[in-house]
Structure formats: structure tokens, C-alpha cells
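Engineer: Once you've had a glance at the structure underneath, I'll fire off some questions.
Derivation of every value follows stated rules applied to the coordinates shown; laboratory data play no part. Keep in mind that this is a model prediction, so the values were computed, not measured.
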């Protein structure tokens, strides 16, 4: 489209030159040549400003399109990074859950050993502490899962910039 605008400007200058040449008195020597060249120089100056304006607008439009493209790409990279972080956090939580489960089973085993050894006070303290820790860990996990579900429900608004033609 830009090529067509520049082409029309060049054709317009050629038409004006042809009209000025046909309207000239035929005497293209001395002052006649000056009367022919001065309007053409003025037209060339106006045309150069026009072309500069068109090139500036074209450059500005291209820069805006690239900014929009880079912003979209940057947003895609950010979303991918957040997904990777969430995936890594999930894997880490799964490993931590296994370790906590193993520790909880170990503490229950020690509590059961105390029961069999007839050390009731130590057994009750151990089992109560293990139960409290497991309950706290369970409710913390539920709270984190609820928060994660709320974050997933947030609506992502994709705004497209108006493209100029």
C-alpha cells in the first residue's frame, strides 16, 4: 500500500512537470528556464515533505506493530514461565508430601512401640504430636489447593491493539 502512495506522488510530479512544460512560452533560455525551474523546485520540496511524512507514518506504524508483537511474545513467555514454576512446585510438593508421610509413619511407629513397651504417657504424647502435625499439614494443603483453584478461575483478558492500516 505504501508503494502505491509513493508511486502516485511520483506520477503527480511528472504530470505537473508535463503541464508546466506545455504551458511554458517555448522560450527555455535565460529567464524562461528560470520560470520553468523555480515552480518545479518548489513542487519537489513539497513532495519531499510529503514523502517524509508518509515514511515517518509508515515507520511509526511498523514500530507500533513490533511493540505489540513483542508485548504478546513477552506475555506468552511469562505465561510459560508461570506454568513451569507451577509444575515444578507441584513436583516439589509431591516429593515433600512423600517425605512428610514417611516421617508421620515413623512417628506413629515409635508411638506404637511406646504402647507395646507400656510407656503410655510417652506414647500418647508421640501419637498426639503426630496427629496434630498431620492435621496441620493436611489443612495447609487444602488451603493451598483452594488458593490455587481460585487463581485458575481468574479470567485472563486478552486485549488486542487496534491495527492501523
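Engineer: Quick check: the angle from helix 31-116's long axis to the longest principal axis of the chain, C-alpha only, nearest 10 degrees?
Structural biologist: For helix 31-116, the angle is close to 10 degrees.
Engineer: Gaussian network model of the chain, Cα springs within a sub-10 Å range: biggest mean-square fluctuation belongs to which of 72, 95, 152?
Structural biologist: 152
Engineer: Could you work out how far helix 2-23 tilts from the main Cα principal axis of the chain, as a 0 to 90 degree angle to the nearest 10?
Structural biologist: The angle comes out near 10 degrees.
Engineer: Using alpha carbons only, how many degrees (0 to 90, rounded to 10) separate the axis of helix 120-153 from the longest principal axis of the chain?
Structural biologist: The angle comes out near 20 degrees.
Engineer: Right, something else. Multiply the residue separation of residue 100 and residue 113 by 0.36 nm, subtract the distance between their alpha-carbon atoms, and state the gained length in nm to one decimal.
Structural biologist: Length gained, residue 100 through residue 113: 2.7 nm.
Engineer: Here is a follow-up. Where does the Debye-calculated log10 I(q)/I(0) of the range 57-134 sit at q = 0.11, 0.16, 0.24, 0.26 Å⁻¹, using only Cα point scatterers of equal weight, no solvent?
Structural biologist: -0.55, -0.73, -0.99, -1.06
Engineer: Then there's this: Which shape class applies to the range 7-47: rounded if a/c is under 1.5, otherwise prolate when a/b exceeds b/c and oblate if not, where a ≥ b ≥ c are the square roots of the Cα gyration tensor eigenvalues?
Structural biologist: The shape class here is oblate.
Engineer: Once you treat every alpha carbon in the chain as an equal point and sum by Debye, what is log10 I(q)/I(0) at q = 0.15, 0.16 Å⁻¹?
Structural biologist: -0.99, -1.04
Engineer: Test of understanding: in a Gaussian network model of the chain with alpha carbons linked when under 10 Å, which of 111, 141, 30 would top the mean-square fluctuation ranking?
Structural biologist: Of 111, 141, 30, the Gaussian network model singles out 30 as fluctuating most.
Engineer: Another question, then. Please give the length that would be gained between residue 82 and residue 142 if that part of the chain were fully extended, namely 0.36 nm times their separation in residues minus their C-alpha to C-alpha distance (nm, one decimal).
Structural biologist: Using 0.36 nm per residue and subtracting the Cα-Cα distance, I get 19.5 nm.
Engineer: Something else: For the range 95-151, what ratio Rg/Rh do Cα atoms give with a Kirkwood hydrodynamic radius?
Structural biologist: Here the Rg-to-Rh quotient is 1.16.
Engineer: Given the Cα-Cα distance of residue 24 and residue 72 and 0.36 nm per residue of separation, how much length would full extension add, in nm?
Structural biologist: 11.5 nm
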